[in-house]
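Student: The structure follows.
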Amino acid sequence: MVTLTYLAAVLATLPLIFILFHIAKLGAHSINFDLFTRMPQPVGEPGGGMANAITGTLILIGIAASVGVPIGVGAGLYLAEHRNSPLANTVRFLSDVLNGIPSIVMGIFAWELLVRPVGHFSALSGGIALGAMTIPLVTRTTEEMIKLVPNALREAALALGYQRWRTSLVVVLRTAMPGIVTGALVAIARISGETAPLLFTAFGNQFWSTSLKQPIAALPLQIFNYAISPYDEWHSLAWAGALVLIGIVLVISIAARLATRQRFGAVID
Amino acid sequence: MRDLERQQRLSASIVAVDVGDRIYSLITTAFAVCIPVLLIAIAVEIGRAAWPALHQFGFGFLTSSEWDVPAGKFGAAPAIFGTIVSSLLALIIATPLALGVAIFLSEFAPRWLQQPVAFLVDLLAAIPSVVYGLWGIFVMIPLLRDDVIPFLRDTLHLGGTPLFSGPAYGPSMLAAGVILAIMALPYISAVSREVLRAVPRSQREAALALGATRWEVIRDAVIPNARSGIIGGVILGLGRALGETMAVTMVIGNRAEISASLLAPGYTMASLIANEFSEATSDLHLSALMAVGAVLFLITIVVNAIARWLVWSVAVKAEA
């Protein structure tokens, strides 16, 4: 029985190693400078790249962060300060529910709200859909980080004459800021790989576009389109794109893990 | 005289504190209220857009297996069936593995091994869905088609059973189930780990004192204590598997038919929406897709609510 659990542990870590290995192997030889600077070429012409997709992902992440992080931090502040009020408990529960909503449902909601009335796809709608998905994550991490700030700090500030709101904003928030930033980064890393909400909001774009009111390319969308295509060159581009995407996501996730562990290692362990 | 001045100064500062505090409180409450408002907005918008189709097809929408776009007939049964089957298959594969890992990490693993293994398993959750799909198309499906399915059919002689009948093209319910299992694994494992760790040491020590072997300690003292939390974790993994779109769309074959065989292509609600939404021209088609989205929304909300409640009840018990 005990050996079965050892076996389970091995089997559970295998897929990750498998996936990372294949991405590295199949994506590595398509990684070159062209990938980041050239536009997608028609099939058959060599030397295509994913410049518009990578830029598009960065723009979408920017919009998502500017929508999701302020709301998340504000809600987190509220939850941390009103521990057990009925509204706080409801918001906490609903935030978890929001977290579990499939990304495609977010996508069709954003389509119904932001694309259908206007009549065309836009980067803004995609960014807002992604931003709505970051709200629960940022709320939760903000609340946790603010709860970790020692009460003595708050009491000292109040004793020195700071009003409550100043204590919260200037003292508590600033102390918890590294943790909050890390949490926001983790949320952003998670949504940077999301494709489904973008399928009918940002929609994807073959050409270079940075306008917020036009469809915009995104790395996960590009990978999806290339993966289901029948062309080999596009397949290898898809692997290269996956390598870039995973690189971004993993680097942020690992850095966030390391950062929070170092800072709060003594408290948690 | 001095007392009066001090009192005036105090009351002035209390008034100032009050105003700033009030504004701050208002702003944070407004931000917090955004979350329920967003949820209600999602429910309302999707419900409103789904209403025409639901009104036209009634309850038959959920039971009819005819998804005929040109003829304007929409029955979501194949998609619902596919979602449920692929998610259940994922749970069947993932739960023993995830539990095994969780038990390994919380009971048997040496300290130096705990962090790396836990980290690797949790990292599975960070991989984007479309990358799973890419890997599924080019690595996992050939593996299934060339090695696993012949093994199941010929060596284990399962080819005669209805579950494994029919030609194995590659994209299939089985492929979707396996990929969903890999994607649900880290969630089940993480929750189970926390819950197992929350079981008090006294339980383990009492069992050991009564002469139990290491495995008997886990089976009889630890797991029963952690049971509702583990079930909560499993249901959380289920919730994740139900809503998964991209990886499933890329490996399930996208055929709107109910089939008994795991080797046949299928459809899930999420992949149905993903595939047909941007090309839906008629209003009825769009509304039908919205209705599928509404059903998916409801199912995942209920499943996730149950999961959270189970996990929270364990956390409350542990604190008590």
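Student: Grab the other residues whose beta carbon is less than 12 angstrom from that of A:Gly44, score K and R as +1, D and E as -1, and report the net.
Tutor: So the environment of A:Gly44 carries a net charge of -3.
Student: Another question about this same structure. Given Cα pairs under 8 Å that are at least 6 residues apart, what percent is the relative contact order of the range A:51-218?
Tutor: 39 percent
Student: Taking the Cα centre of chain B as the origin, how large is its charge dipole in debye, to the nearest 20, when only Lys and Arg (+1) and Asp and Glu (-1) carry charge on their Cβ atoms?
Tutor: That gives chain B a dipole magnitude of about 860 debye.
Student: Within chain A, which whole H helices from DSSP have a Cα span along their axis of at least 18 Å and a mean Kyte-Doolittle hydropathy of 1.0 or more, if any?
Tutor: Qualifying helices, which must be both long enough and hydrophobic enough, are A:2-28, A:51-81, A:174-192, A:232-268.
Student: I'd like the FRET efficiency for A:Phe207 and B:Phe151, computed as 1/(1 + (r/R0)^6) with the beta carbon distance as r and R0 of 51 Å, rounded to 0.05.
Tutor: 0.60
Student: Moving on to the next point. Given the rule -39500 (n - 2.57) for each run of at least 4 DSSP H residues, summed and divided by the residues of chain A, what is its mean residue ellipticity at 222 nm, to the nearest 500 deg cm²/dmol?
Tutor: Using -39500 (n - 2.57) per qualifying helix, the result is -23500 deg cm²/dmol.
Student: What dipole magnitude, in Debye to the nearest 20, does the protein assembly as shown give about its Cα centre under +1 on Lys/Arg Cβ and -1 on Asp/Glu Cβ?
Tutor: Numbers: 36 positive and 34 negative charges, 340 e Å.
About 1640 debye.
Student: Peptides A:11-18, B:117-124: what's the order by average Cβ count within 10 Å, highest mean first?
Tutor: B:117-124, A:11-18
Student: Looking only at B:Gly239, B:Gly211, B:Gly20, which one moves most when chain B is put into a Gaussian network model with springs between Cα atoms under 10 Å?
Tutor: B:Gly20
Student: Another question, if that's okay. Which ordering of B:Val131, A:Val115, B:Val199 is given by a fewest-first count of other beta-carbon atoms within 10 Å?
Tutor: Result, fewest neighbours first: B:Val199, A:Val115, B:Val131.
Student: In addition: For the range B:133-140, what does the Karplus curve 6.51 cos²θ - 1.76 cosθ + 1.60, with θ = phi - 60°, yield as ³J(HN,Hα) per residue in whole Hz, taken in order and with x for Gly and Pro?
Tutor: My calculation for the range B:133-140 gives x, 4, 5, x, 5, 9, 10, 6 Hz in order.
Student: Build a GNM of chain B with springs between Cα atoms under 10 Å: which of B:Trp215, B:Trp51, B:Trp135 gets the top mean-square fluctuation?
Tutor: B:Trp215
Student: What FRET efficiency do you get for A:Phe93 and B:Arg111 if R0 is 22 Å and r is their Cβ-Cβ distance, rounded to the nearest 0.05?
Tutor: Here the calculated transfer efficiency is 0.05.
Student: Let me ask another. Can you list residues from other chains, or at least 5 along the same chain, whose modelled amide H is less than 5 Å from the amide H of B:Lys73?
Tutor: B:Asp68
Student: Restricting to DSSP H runs of at least four residues, report the calculated mean residue ellipticity at 222 nm for chain B, -39500 (n - 2.57) per run over all residues, nearest 500 deg cm²/dmol.
Tutor: Result for chain B: -23000 deg cm²/dmol, rounded to the nearest 500.
Student: Separate question: Mind checking which of A:Trp239, B:Ala241, B:Ala198 is farthest towards the positive end of the protein assembly as shown's charge dipole, using Cβ charges of +1 (Lys, Arg) and -1 (Asp, Glu) about the Cα centre?
Tutor: Toward the positive end, the furthest listed residue is B:Ala198.
Student: Please compute, for peptide B:190-202, the average count of beta-carbon atoms on other protein chains lying within 10 Å of each residue's beta-carbon. Spell out each step's value before the answer.
Tutor: Working: counts 0, 0, 0, 0, 0, 0, 0, 0, 0, 0, 0, 0, 0.
Average per residue, whole number: 0.
Student: Moving on. Once you list every other residue whose beta carbon is under 11 Å from the beta carbon of A:Tyr78, what net charge do they have if Lys and Arg are +1 and Asp and Glu are -1? Mind dumping the intermediate values first?
Tutor: Details: positive: A:Arg83, A:Arg92; negative: A:Glu81, A:Glu143.
Taking every Cβ under 11 Å from that of A:Tyr78, the sum is 0.
Student: Taking only C-alpha pairs under 8 Å that are 6+ residues apart, what is the relative contact order of the range A:1-71 in percent?
Tutor: Answer for the range A:1-71 is 16 percent.
Student: What's the average, rounded to a whole number, of partner chain beta-carbon atoms within 10 Å of each residue's beta-carbon in B:93-105?
Tutor: Other-chain Cβ atoms within 10 Å of each residue's Cβ, averaged: 5.
Student: Just tell me how shielded B:23-29 is by partners: mean number of partner chain Cβ atoms within 10 Å of each residue's Cβ, no decimals.
Tutor: 6
Student: Give me the net charge of A:Asp96's neighbourhood, meaning all other residues with Cβ under 14 Å from the Cβ of A:Asp96; Lys, Arg count +1, Asp, Glu -1.
Tutor: +2
Student: Assuming R0 = 60 Å, can you tell me the calculated FRET efficiency for the pair A:Leu160 and B:Ala260, based on Cβ-Cβ distance, to the nearest 0.05? Present the calculation step by step, with values, prior to reporting the outcome.
Tutor: Working: r = 73 Å, r/R0 = 1.21.
Once rounded, the FRET efficiency stands at 0.25.
Student: Shifting gears a bit: In percent, how large is the relative contact order of the range B:60-319, given Cα pairs closer than 8 Å and 6 or more residues apart?
Tutor: Relative contact order for the range B:60-319 comes out at 28 percent.
Student: Could you list B:Ile306, B:Ile231 so that the one with the fewest beta carbons within 10 Å of its beta carbon is first and the one with the most is last?
Tutor: Numbers: B:Ile306 16, B:Ile231 19.
Going from sparsest to densest Cβ surroundings: B:Ile306, B:Ile231.
Student: Which one of A:Glu112, A:Glu194, A:Glu144 has the biggest mean-square fluctuation once chain A is modelled by GNM with Cα springs under 10 Å?
Tutor: A:Glu112
Student: Counting other beta carbons within 10 Å of each residue's own, what order do B:Leu286, A:Leu87 fall into, fewest first?
Tutor: Taking fewest neighbouring Cβ atoms as first place, the list is A:Leu87, B:Leu286.
Only the coordinates and a few stated rules stand behind these numbers; no lab work does. All of these numbers come straight from a predicted model, not from anything done at the bench. Don't worry about glycine lacking a Cβ; one is built from the backbone with ideal geometry, like all the others, and counts go over all protein chains shown.
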